[in-house]
Amino acid sequence: GTILLNNDKLLRVYELIKEDYFYQLAHQKIYKQILNLIDSGSVANRVTIAPFFRSELKDLGSSYLRNLMASADGIVDIADYAISIADCWRRRELAFKLKEIISKINNQENTFDGISGEIIQSVENLAIESQDKPQLIQNVISEKIHDLQTGFSEELISSGFNVLDEIFGGFNEGYLVI
């Protein structure tokens, strides 16, 4: 809804979420339609998305779009909201994987090593999925400060900014995209 009120807000969330991150299928379809409209050079708003609602989401009714638009005013920071959506998606994916693993645990033909390896791989894949996208600089800096405070260190690379490197000692590979 927030993006329908102001298409510029898409710039704040485009790299943070995908359509399948939304729990409700209707919201997945709405987000995809917004992307399609904007990608085609059109404005995505209440008027341009209404035909989509009438054809693809007719079972929801016109009040759904009104309620969606009305609730959009309550979102203070769309990037934080998008991060929450992505986090919920990762949790749902992890829960789904855990159900699969529990099923495998109950099958006596599966070995402990095989099951534990699958658990590790599933969690690593979710972690990689969440780090494939650029991160907000404030999140990267906050994480780096936490690492410095806790004494955690990895092999770091120069950011290319001498002042930042003096303060932080560099960044983890892939954390800084310019």
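Quick check on residue 47: is it part of a loop (DSSP other than H, G, I, E, B), out of contact with any Lys or Arg (no Cβ under 9 Å at 6 or more places or on another chain) and farther than 19 Å from residue 91 by Cβ? First the steps, then the outcome.
Details: part of a loop (DSSP other than H, G, I, E, B): no; out of contact with any Lys or Arg (no Cβ under 9 Å at 6 or more places or on another chain): yes; farther than 19 Å from residue 91 by Cβ: yes.
Against the criterion (part of a loop (DSSP other than H, G, I, E, B), out of contact with any Lys or Arg (no Cβ under 9 Å at 6 or more places or on another chain) and farther than 19 Å from residue 91 by Cβ), residue 47 does not qualify.
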Legend entry - Meets criteria (over 14 Å from residue 2 (Cα atoms) and exposed (fewer than 11 other Cβ atoms within 10 Å of the Cβ)) for residue 113: yes
Inset, instruction - Go through (1) part of a helix (DSSP H, G or I); (2) modelled with pLDDT of 75 or more and name the single condition residue 139 misses. - result: (2)
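With modelled with pLDDT of 65 or more, assigned to a helix (DSSP H, G or I) and touching a helix residue (DSSP H, G or I) at 6+ places or on another chain (Cβ under 8 Å) as the only criterion, which of 120, 101 stands out? Steps first, please.
Values: 120 fails: touching a helix residue (DSSP H, G or I) at 6+ places or on another chain (Cβ under 8 Å).
Matching residue, one of 120, 101: 101.
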Inset, instruction - Would you confirm whether any residue within the range 59-76 is over 18 Å from residue 123 (Cβ atoms), surrounded by 15 or more Cβ atoms within 10 Å (Cβ to Cβ), out of contact with any Gly (no Cβ under 6 Å at 6 or more places or on another chain) and of a type in the set (Gly, Ala, Ser)? - result: no
Inset, instruction - Would you mind telling me which numbered condition in (1) open to solvent by 60 Å² or more (accessible area, probe 1.4 Å); (2) not in a helix (DSSP H, G or I) residue 81 fails? - result: (2)
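Consider residue 91 carefully, then state whether it is at pLDDT below 80, open to solvent by 70 Å² or more (accessible area, probe 1.4 Å) and part of a helix (DSSP H, G or I). Talk me through it step by step, then tell me what you get.
Details: at pLDDT below 80: no; open to solvent by 70 Å² or more (accessible area, probe 1.4 Å): yes; part of a helix (DSSP H, G or I): yes.
It is false that residue 91 is at pLDDT below 80, open to solvent by 70 Å² or more (accessible area, probe 1.4 Å) and part of a helix (DSSP H, G or I).
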Inset, instruction - Keeping to the range 31-58, report how many residues are open to solvent by less than 30 Å² (accessible area, probe 1.4 Å) and more than 18 Å from residue 8 (Cβ to Cβ). - result: 4
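The values are calculated or read from the model by the stated rules, or taken from the named source; none is laboratory data. All figures in this text were calculated on a predicted structure; none of them were measured in a lab. Every residue, glycine as well, gets a Cβ built from its backbone with ideal geometry; the counts of neighbours run over all protein chains shown. Areas reflect the complete protein model, heavy atoms only, side chains present, ligands, DNA and RNA absent. Shrake-Rupley method; radii C 1.70, N 1.55, O 1.52, S 1.80 Å.
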